[in-house]
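Everything on this sheet refers to the single structure shown next.
The values are calculated or read from the model by the stated rules, or taken from the named source; none is laboratory data. Predicted model, so just to flag it, every value in this text is computed and none were measured. No Cβ is skipped: glycine too gets one built from the backbone with ideal geometry, and neighbour counts run over all protein chains shown. To get the accessible areas, we keep the full protein, side chains included, count just its heavy atoms, and leave off ligands, DNA and RNA. Shrake-Rupley method; radii C 1.70, N 1.55, O 1.52, S 1.80 Å.
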Amino acid sequence: MSAAPSNRQRLAITGMSCAGCVAAVETALRETSGVVDAGVNFADRTAQVVGSATLDALIHAVQAAGYTAVALRDDAGEEAERDAAERAHDRRLIGNTAVAAALAAPLMIAEMAGWLPALATLAGQGFWIATGLLTLAVMTYSGGHFFIGAWRQFRLHHANMDTLIALGTGSAWGYSMLVALFPASVPSLAQHAYFEAAVTIIALINLGSALESRARGKTSAAIRRLIGLQPKTARIVDGDQERDVLIETLQPGVLIRVRPGEKIPVDGELVSGASSVDEAMLTGEPLPVSKQPGDAVTGGSLNQTGSFVFRATRVGADTVLAHIIDRVRQAQNSKPPIGRLADQVAAVFVPTVLIIAVLTALAWFNLGPEPKISYMLVTTLTVLIIACPCALGLATPISIMVGVGKAAEYGILIRDGAALQRAGQLTMLALDKTGTVTVGRPTVAAIMALPGFTEDELFQWAAGLEAGSEHPLAQAMLNAASQRHLELPAVDRFEAIAGQGVTGHLAGQTLLVGNRRLLESHGINTAPLQAGIVQSAAAGQTPVLIAVNGQPAGIIAIADPIRPDAAAALRRLRESGLRLVLLTGDHAATARAIANQAGIDDVVAEATPLDKAARIAEWQAQGDVVGMVGDGINDAPALAQADAGFAMGGGTDIAIESAGLTLTRHSLHGIADAIAISRATVANIRQNLFGAFVYNSLGIPLAAGALYPLTGLLLNPMLAGAAMALSSFTVVSNANRLRKFQPPTTARPSPHDDR
């Protein structure tokens, strides 16, 4: 069951109750032979492991740390099972709360009303002993998992939230039972039972866990929506027969029929039929895309009008949708730098609290007023209960989960939490030109014919000659000729000259089509074409020169137009405080023309791939936090060097793998959206961490009785339990506010326009 070193495995972890548990599980996994890296997400109780370790070894390591683990299959069935398990867990927590509250509420009411008998009487002693036994039964039913978890951690010489709760409520019950059985063993002022405090605390903590769990369930909505895009079955075509099969059984090469209104099950290539397909899940574009034989189709997109048959090319974990889901999961399980402080604190937090609790007990026992034992018990119990670091453990991962899911809604796939954090810290942004600021598809922008030639005949000849070329500029001419429905003449003696152009004979003419060097190498004077060359360069166009029978004849200007939404998107980026630079390998004049059209002030042109990375390193050395946007193999070094790399979704796999963020919707608005979502997510994490740190920093001294010498007030253990439970719920609720966040829409009417 071994795996390659790059293998990723996901585990569902049960038994974790606080940030200390996260540290224990991560340590156990990272110390397993063959593990390269491991991360645990406390928010959704999963672990992601990278390395060659076997599944059995990982599960054994988690079990040795006192927890349980099972492998995750990462499919719709698994998500349904997990949802059902979560709902069952929520019901158990509510049941536990109800049972504990059924005993706690009457005891609290009777205590406050003064109806309970005194311990000094025989009847009172009998009542309290019976109450203690009933409390023990309720604590076993509603809080048994705390004590089991604490015992497991004790055996491993660890401590976690379960340790604090078990020690606190167990001490309260033990002391109360001692007083009920042997009231004379303690001073009269200390003869008080705390059974109601023990069960109330357990009720409140269970209630808080249930509320937190329900709120957490909303954070995985992005994954569920993505998985829901894929149908469960596919209709395969086998000769004259068609039959429905489970999507898990599909193999590359099978033929699949898709009828109107059905979702395409996997990636493939259309072989017969035609249709319009809604690919908004991938591109964000609301308009359907026409599909003809030979066109690619993507699993998860929606067939609209026609029926067609396609051949499966990628199935299972190889599909585009599967990669998107995997990218979202990876990011949700990762930790940004801001979250590592919380992990470091949480790892030592529980042992520190135990030391504080012991010091609190000693201080009250030696320095406190009578009844010393009662005061000692109340303060120690309160410290143990209020200090549970649940909120601290949830502060970062819960916000990352929501933020990454929100980014996915806007067509932004984030590799990890660090990339999400860095995107919001950028001070400048470098953009590649071709395929990034421009659409990446050259088109014919203008035809200029010298006297003696017409534009139509010149273009027809040039396109006919270029029909034998594979150059991108040639393809632009052929596309334009097809749109104009031109009949191309046959070519004789075609020759392609590398780096210059093409030559040949057609329609009784000798033609040269290429750059200035091609014409000059054949002794042709290019001076009559100079004005057109200058005009094309000033407009950011590439001039293709044409000579007929040894004479200059005209120019075809090829342009790669800027994206329709580029100017508006870049304006948003400038308004957010970023300095923009066009970083391209193209000629300076063309680059400057494109920059002027897009509204970019600074230009670095004629840069090689290594030059691009070096320039970014220079800016970083000057103190800038630099983002890079690109789509090609030549952009990969710069994307990797940048503090945050943005890959256009239509780009190469190498570019996408080198970048921390991928824009699936082919729009520069995605960069502004990503930065806005990053800033909102990091702000949300800071709010959560601040709240958690302040809660614990203020709560522990108050629980220990810091205000008692001045005010005579002590914090009630039951209030401590309620505060602890509510702190976690508050953190989760604050993180879920991100689900309603929308990036500012300056310079465009809607967050979904121009996508």
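Provide 349, 147, 182 ordered by accessible surface of protein heavy atoms (probe 1.4 Å), highest first.
On the way: 349 30, 147 70, 182 120 Å².
Result of the area sort, largest leading: 182, 147, 349.
Please tell me the relative contact order of the chain in percent, rounded to the nearest whole number, where contacts are Cα pairs under 8 Å and at least six residues apart.
On the way: 1527 pairs, mean separation 101.1, N = 755.
It comes to 13 percent, rounded to a whole number.
So if R0 is 41 Å, what FRET efficiency would residue 184 and residue 64 give, r being the distance between their Cβ atoms, rounded to the nearest 0.05?
On the way: r = 47 Å, r/R0 = 1.15.
With R0 = 41 Å, the Cβ-Cβ based efficiency is 0.30.
Around residue 290, with a cut-off of 12 angstrom between Cβ atoms, what is the net charge of the other residues, counting Lys and Arg +1 and Asp and Glu -1? Write out the running numbers ahead of the final one.
Details: positive: 291; negative: 278, 279, 295.
Residues close to residue 290 contribute a combined charge of -2.
Going down the list 406/740; 232/740; 232/263; 263/740, which pairs span over 19 Å between their C-alpha atoms?
Details: 406/740 9 Å; 232/740 30 Å; 232/263 10 Å; 263/740 28 Å.
Beyond 19 Å between Cα atoms: 232/740; 263/740.
How do 111, 279 rank by accessible surface area computed with a 1.4 Å probe, from largest to smallest? Write down the numbers at each step before the final one.
Values: 111 70, 279 20 Å².
My answer, sorted largest first, is 111, 279.
For labels at residue 527 and residue 510 in the simple 7 Å Cα→Cβ model, what's the distance in nm?
Result for the modelled spin labels: 2.2 nm.
The stretch 93-181: Rg/Rh from Cα coordinates, Kirkwood Rh?
Numbers: Rg = 14.8 Å, Rh = 14.3 Å.
Result for the stretch 93-181 is an Rg/Rh of 1.04.
What accessible area per residue comes out for the chain, rounded to a whole number of Å², with a 1.4 Å probe?
Numbers: 31890 Å² over 755 residues.
Roughly 42 Å² per residue, with all protein chains present.
Within the chain, which complete DSSP H helices have Cα atoms spanning at least 24 Å along the helix axis and a mean Kyte-Doolittle hydropathy of -0.5 or higher?
On the way: long enough: 76-113 (54 Å, -0.01); 122-155 (40 Å, 0.62); 161-181 (30 Å, 1.10); 195-217 (33 Å, 0.80); 337-367 (44 Å, 1.58); 390-409 (29 Å, 1.25); 669-704 (52 Å, 0.73); 717-736 (29 Å, 0.97).
What comes out of the filter, once short or polar helices are dropped, is 76-113, 122-155, 161-181, 195-217, 337-367, 390-409, 669-704, 717-736.
Carbon and sulfur together cover what percent of the accessible area of the stretch 585-707 at a 1.4 Å probe radius?
On the way: 2610 of 4560 Å².
It is 57 percent, rounded to a whole number.
Please give the contour-minus-distance gain from residue 262 to residue 567: 0.36 nm per residue of separation, less the Cα-Cα distance, rounded to one decimal in nm. List each step's numbers first, then the result.
Values: separation 305, 0.36 × 305 = 109.80 nm, distance 3.69 nm.
Going from the current span to full extension adds 106.1 nm.
Normalising by the residue count of the stretch 445-555, find the relative contact order in percent from Cα pairs under 8 Å and 6+ residues apart. The partial results should precede the final answer.
On the way: 176 pairs, mean separation 28.2, N = 111.
So the answer I get is 25 percent.
Report, to the nearest whole %, how much of the accessible area of the stretch 464-529 belongs to carbon and sulfur atoms, 1.4 Å probe, protein only. Kindly include the intermediate steps, with their values, before the conclusion.
Numbers: 1760 of 3690 Å².
On the stretch 464-529, the fraction of accessible area on carbon and sulfur atoms equals 48 percent.
Test of understanding: what is the full-extension gain from residue 482 to residue 622, defined as 0.36 nm times their sequence separation minus their Cα-Cα distance? Write out the running numbers ahead of the final one.
Values: separation 140, 0.36 × 140 = 50.40 nm, distance 5.07 nm.
The span from residue 482 to residue 622 would gain 45.3 nm if fully extended.
Please report the net charge: other residues with Cβ closer than 15 Å to the Cβ of residue 128, K and R +1, D and E -1. It would help to have the intermediate numbers written out before the result.
Working: positive: none; negative: 111, 196.
With Lys, Arg at +1 and Asp, Glu at -1, the net is -2.
Rounded to the nearest 500, what is the 222 nm mean residue ellipticity of the chain from helices alone, with -39500 (n - 2.57) per DSSP H run of 4+ residues and division by all residues? Numbers along the way, then the final one.
Working: 25 runs with 381 residues, N = 755.
Only helices count here, giving -16500 deg cm²/dmol.
For residue 152, what accessible surface area do you get with a 1.4 Å probe? Give it in Å², rounded to 10.
Counting only protein heavy atoms, the figure is 110 Å².
Using a 1.4 angstrom probe with every protein chain in place, what is the largest-first accessible-area order of 646, 690? Walk me through the numbers on the way to the answer.
Details: 646 0, 690 140 Å².
Final ranking, largest accessible area leading: 690, 646.
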